[in-house]
Structures are given as C-alpha cells and as structure tokens.
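Below is one structure, written out as structure tokens; comments come after it.
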C-alpha cells in the first residue's frame, strides 16, 4: 500500500478513505488493517478524505472495533498535532461518547496517563466540550494497576484537563480514589476540595453531596471531607457580609460593564460567523413585544398573514471562583497540572 | 442645614464623640476649656469644664455632663451612670473640691448636654430637679441637640465664615455619602474653600481646622448611619493633611495658640482613627480567613479585587505605622520589640494574614500599588519579628510578576487609569509590553527590600528580569524637592524628583549604594515640616492619599544593607 501511495499520492488515500466510508462492512480484518495503516498518512488539508475516514471510523465503533479506532486516532492526532482534532473527527467522537462510553473512558485514562498534552487536550474537548450533560466517569481504574504516584498523576491530569468541566474531573478522581488504598488516597481526595470545589461551589457541590447520600462507595469519606471543607470555607466567606466600602465606584462599574459588553459582543459575533444555523437563516431584529407579524403576497395575489411568537432560551455556566480572586494563580496551576510529567 | 447638624448630633456617642466635639465648640465660642475628657472615668460627673461669659455678661464656670442621643427615663435616673447621679456628684463633690482656685469666686452653670431631646416622660422630673437645686451661685442649663446645632451654626460654622457654597458642599457630601467619589469630591471642595479663605492670624487658622473637624464629624456620622464610611475615610485623610498644612507652623511652639493648634490637630487625627476603626471593624476580623476579603469585593472582575485588596493593604499598614509612631521616640521608623498583646503586633499579624489569604496581593497590576506595598513592608519591618514573612512575600511577588510578564499575563503596568487597567494587557505583543512597562517604582523598591532581607531568589530574579526583559524600563524612586513642603499636603503634582536609572544587581549592593548616595546628598526630605516636627506618618499619609511613591529616606532605616551583619534571616 505504501508503494501505491508513493506512486499515486493522495488519490490512493482518498480511495482508501472512500472504501472505509462505503464498504467497511465487507472489509476483512486484514484489509481494514492495511487501509487504516495507510490512512494514518492522509493530509489534514484533504477535507473530503478526512470526512470519509471520520464517518468510516464512527461506523467501526458501532461494529465493535473501537479499540482499533482508538489506536488510529492516537496515531493521526500525534502526527498532526496542530491541525487535526475531534473538530474534524466529530462523527467518531460522537460515536465514542454515545455508543462505546467504556472505550471513550479507557481512551481518556490512557491519553491522560501518556502525559501527551495534545492527546489530553483532544480528550478534554471530546468529553467536556459541549453543553450536554456532564460526562461522568465510571471506569474501573484498578484494571490499570497503577502505582500510588501514577494514580496521583492521573488525578492531577484529570483536574488540569477537565478543570472547566468540574463534575467530569471530580468523577474521574472518584474512580481513582476507589482503586487507591494507601495514604495517597488522602492527597488525591484533597484535589476534590482544592482546586475543584474551591472554584465550583454550585453544581459540583450538589453533585458530590448527592454522591455522599448515594449508594455505598469507597470514595465516600473523601467526598464527605471535601464537601465539609467547602462548607467551612463558604461559612468564612459569608461571615464577612456585605462591605459597602469595598464596592467599586459607579464610574468603575460603568467602565467594567462597557468592557464586558464589548467582550460579549465580540464572542457573539464570532459565534454567529462560525454557526451553521446562522448561515442558513436570515436575521431580523424585533425591537419591542414578544412576537412578529408580517404579510407576504401569495400566488393568488392576496396578502397572507404570518405570525410568529418568540421563545426564549438561556444557558448558564459557573465561572471558577478563583478566576476573579487569583486569575494568575489559576492559570499557573493549570499550566503546571497539564504540563507536569510522571516522576520516575 | 440645621437638620443635617441635628442628625449628626443625635447620632454621636457619648464617649469620645459628643464629649470630644464639645471642647472645640466651646473654644470657638470664646470659652477657656480647662478640663477636657480623657480616657477612663469622668471627674465627679463632669465631662468638660470651661470658663466663659454668660448671657448676663458675668464670667462663670460651665460644667458639662454629657449623655448621648435623647434623654429618656433610664438615662435620667436609676443607674450610677444616669445623668441625675452625675449632677448629684457635681453638686456634692466636684464644686466643693475640684474647681481650680483661680475660678473659686465665679458662679457655676451646670449644663446637661445631650445630642437629642428630653423625652416628655422625664421632662417634669428634670425641671423639678433643676428648680430644687438652683441656688444663687449654681444654675442649670439644658444643651439639647437643638441648642447645640444653633451654637454650631452661630459658632464654628457661622455664616460670615462658613459661606453658602461651603454649606452646600457639606450638605451634598452628607447626602451623597453612599457614592464615595462624589461625596469625597464635595468634601474636598469644602475643605479647599475653608483653607483658601484669607486668614492672617494664627487663631483664624485654628478656627479653620475646627471647621474642618466639625464638617468631618458631620460626614462621618452620616456615613456611619448609611453603613458606608468610605467617603469619610478618604475625607479624614484629606482633612488631616490640610489641617497639618494649616497648623504645622504652630505645632511644637509655646503659647496658647500652639496648645490649641496641637489639641485641634490631635482631635482630627483621633477622628481619622475613629473612622478607620469603623471600617476596620468590618475588615480585620476576617483577614485570617482564606479569600474572605477578596470574595467580599462585590465584583466579578479580578481587577476590582486586585485594586480593593491593595487599597485595604495600604490602609491597614498605615494605621499600624501610626501605632508604631506612638510607641517609638525615634525621628524615623525603626524596628520595635513587641509582645503578643501589643496592638502593633496584632495589626502587623493581621496585615500578614491579609497578604497570605488574598493572592491578589501577590500580583500587583499597577505600579501605583508600590505605595501600598511599601507601607506594608514598612509595617512588617517595624514589627521586627517578621523578617521571614517579608522574605517570603518578596519571593512570591517577584516570581509571580516575572512569570506574568513572560506569559503576557496581568503584570504591573505603569498605566494607572481604570480604563487602561481594565484592558491590561490589551495586546500580547512585545511592543505593548514595552510601552506598559516604561518605568517602575515597584521593582527598585522590591530590589532594595530583597537585598536587605536576604531574599536571594527575589533579588536574583529581579536582576535577571531587568537584564533580559526590562532594559527599556526606567527603575526609579521618588524624592521630595524644595517645592514638596508646599505641595505635599495639598496634593499638588508639581513637586518632587525621580531618582532614575536605578541599577539592580544580584547582590543588591549596587542598588543600595546608588540610592544611599542620593539620600545622603538630598536634604529636602529632612526639611519637610512633618519630618522636622517628628510626625513622619503624615508624609506616609500624603503618599498613600495622593498615590505618591513613598520616599526611600523614610523606609531605608528599616532595610539592613545588603552586606551588613544585621540582615534579615
């Protein structure tokens, strides 16, 4: 196959991708292996080939060949660190998270343990990067036979890479805690409080409190301890009360609001530019009221009334507390957690 | 205006407030106050004693017994602290034994002073008491809130001196006390108008200081009522500084005016402390709790938290340095020995707690915050037992600042308008970084302290930082010049010199030598009235209030030389 690629270049790879896309069910394991090996060299700029590979891989996941898909993705992502991600491989990403969660979690553990920042980043965007329900790990970490240091390493990576998806991070830490018996469990359990609960005292606290009340779990004492620490911390914060003297001035509030609204405007603009939906529809601004009425002349020459009632939608996101209190500290901590290597 | 004054009088507490205001009011009315309230117990029921001319033209002794707010049944009778008991004590003990011999022949007027009114229920009893105890030599007067307000408006704030404009500014300052910027701006205009009014005689300057004192009281009580003393705090700093400008020519001299000037100035400083105490009661109990002060800043913006925590840092440090001043006899700050229950030790530990628990204080965002950091370092240095704390804070400050610079994070910029800071860093480019760090007073300050406190890491990092990244940055420190005495206390920005191009070396020797050389040859600092008269906290107050870098002459005595035996360990 490599000879063919050498001779005929990308065209061959495109045919391979098409074969994977169209005939995957009829391919023998040996042939599949040949194709996948060749397709590791597909160029990221060949969008058509990449899309075919993506769909083909997603079907392979459904056919129970996820392990091989995982190896393929690992290889192609590492070969193209700045250009390929689950953004291009969204179909296989979707298949992994919906059809083979166990495999997705296994990939996450292995990719985080690899210490490779690119792979960990891809996993972070796959398992944390949408507005869906948070991913909750259920993986049995004992099957990996990790040493204490390796368990701590995995837990710290979970915090580093899933920091902005705290329930996901906490669930992976809890999985780790179930497999650690030594005093290291306490160190790992501390990560639940700091930095996770310290930053996210809303949904994460509710989630962890529910786990404390839930079925028997070896990690429960650690969860309980972390929640108790958070409650003590919050009690201290609440004890201060409202200190009017610390309020920014009216002028400062105005400037900050203006700056904030400018930031939001830019984000909205960027989102609209990259939105598929916005490119399909036309935009019309309604200045007052809760609905829109318009008339269009039909084929019969008469005006037909079109009425549309407006709906509303909202989404919420909990910002990490320390982003305001110590933004530099948070940034440094994340850099450290993400980049650190496993000590020998 | 009378309503504003009455509201103020009604909210005054008896101890250290109404009785502290009264002597100033009496002095301005021409009375000679011979006994003022001291801390501790009253003298046989008398809070203030004075000699003055009564309505009938006779000189008489006035003995004042003070109660706060309205006079109700409980305040009048039934407890040892009640007014009736005090009046009995005056009649039975004070008049026979305590009147100075030179006033023995004068008639006595016993004044019942309270900030509010007599409640109807006790009115008859009070009148009855007065009737049955009035003699040819002893009479009684009620000085209620209404009368006190009239006396203030016809005395300290009398119309010919205290013009309509001034009244308007005072009214607006009080009304806008919940918008501190606006309230402070009005108070500032009010004080400026008082100070600018022509006054050749010394006694007129003292009167001006009393006016400022009274106006500050009014603003403070309104702020306290609104549970927001931000404007009164800033106003109290300004009031002390302008009063110093008015009175420093008299302080330390001999004669009645000098004594009166000293008393008024002391009252103003005490009032500044009272305002601070009110603010501190909300802050200090929580400084040892993690993130508690940062989280209390009602804003999601890290900039607001950064600015407010540094502001609080500077205020706590300054209050601690006032305590050090009262404890020390030295002309400049010096390391002092402290015990566990020493207020200086307590406040220094609270300051350290604030730094430790609020990480914004390890990441200054504006060079202007060098003022607050300098004051904090001074308080920790004055304490004498916190050398390790100084070293570790310096290490963290320098490490984080250097890392922030390298990663285009929120490193300290020489820009200081809120507009600039809210967007800082606007760009992650070398060009912007160069522009944002054109000059620095923070880095030489840190270098000198790091050199003195053996914070080797900080010093080495700073030297590397300067050599690798900040070649373009002018490291500088502020020194007073010959115009500073005229400009420092009123906040002029047209005085002082910057010592530029300060070198930073990994041993700290070169830096120290460079700055020491200028200190030795520049005598403008020692010519400042606040320094000549031994009131060095006034210079620090001016620096904090007007955001001027703290001159090194005032803190270098706390920093051992880099090569000395006495270095911090």
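Every number in this text was worked out from the coordinates using simple rules, so none of it is lab data. Being a predicted model, the structure only gives us computed values, none of them experimental. Glycine gets a Cβ as well: all are built from the backbone with ideal geometry, and neighbour counts include every protein chain shown.
For the protein assembly as shown, the share of DSSP beta bridges that are antiparallel, to the nearest 5, is 55%. The sum of -39500 (n - 2.57) across all DSSP H runs of n ≥ 4, divided by the residue count of chain B, sets its helix-only mean residue ellipticity at 222 nm to -17000 deg cm²/dmol.
Packing, as the average of other Cβ atoms within 10 Å across residues, places the peptides B:550-557, A:287-294, B:427-434 in the order B:550-557, B:427-434, A:287-294, highest first. Only DSSP H runs of four or more residues enter the estimate; each adds -39500 (n - 2.57), and after division by the residues of chain A the mean residue ellipticity at 222 nm equals -19000 deg cm²/dmol.
In this simple spin-label approximation, residue B:273 and residue B:253 carry label points 7 Å from Cα along the Cα→Cβ vector, and these lie 2.6 nm apart. In terms of its C-alpha gyration tensor, the range A:1-99 has an oblate overall shape, because the principal axis ratio a/c (a ≥ b ≥ c, square roots of the eigenvalues) is not below 1.5 and a/b does not outweigh b/c.
Each part reduced to its alpha carbon centroid, the range B:193-214 and the range B:497-557 end up 31 Å apart.
Put simply, the convex hull of the Cα atoms in the protein assembly as shown casts, on average, a shadow of 56.5 nm². Partner shielding of A:234-243 amounts to 6, given as the average count of beta-carbon atoms from other chains within 10 Å of each residue beta-carbon. Taking the longest Cα principal axis of chain B as reference, the axis of helix B:456-468 is set at about 60 degrees. For chain B, find the longest principal axis of its Cα atoms and tell me its angle to the long axis of helix B:145-154, 0 to 90°, nearest 10. The angle comes out at about 70 degrees.
Relative protection proxy for A:210-218, A:311-319, A:236-244, from highest mean packing down: A:236-244, A:210-218, A:311-319 (other beta-carbon atoms within 10 angstrom). Could you tell me which of rounded, prolate or oblate describes chain B, using a ≥ b ≥ c as the square roots of the eigenvalues of the alpha-carbon gyration tensor, with rounded for a/c under 1.5 and, failing that, prolate when a/b is larger than b/c and oblate otherwise? The shape class here is prolate. Between 0 and 90 degrees, the angle of helix B:202-225 with respect to the longest Cα principal axis of chain B falls at about 80 degrees.
Contact order for chain B, expressed relative to its length and based on alpha carbon pairs under 8 Å spaced 6+ residues apart, stands at 10 percent. Compute a Gaussian network model of chain A, connecting alpha carbons closer than 10 Å, and tell me which residue from A:258, A:220, A:87 fluctuates the most. In this elastic network of chain A, the residue with the biggest mean-square fluctuation among A:258, A:220, A:87 is A:258. Assuming a ≥ b ≥ c are the square roots of the Cα gyration tensor eigenvalues, decide whether the range B:1-155 counts as rounded (a/c under 1.5), prolate (otherwise, with a/b larger than b/c) or oblate. Rounded.
What relative contact order, as a whole-number percentage, does the range B:1-155 give when Cα pairs under 8 Å and 6 or more residues apart are counted? About 26 percent, as a whole number.
Other protein chain C-beta atoms within 10 Å of residue C-beta, averaged over A:317-325: 4.
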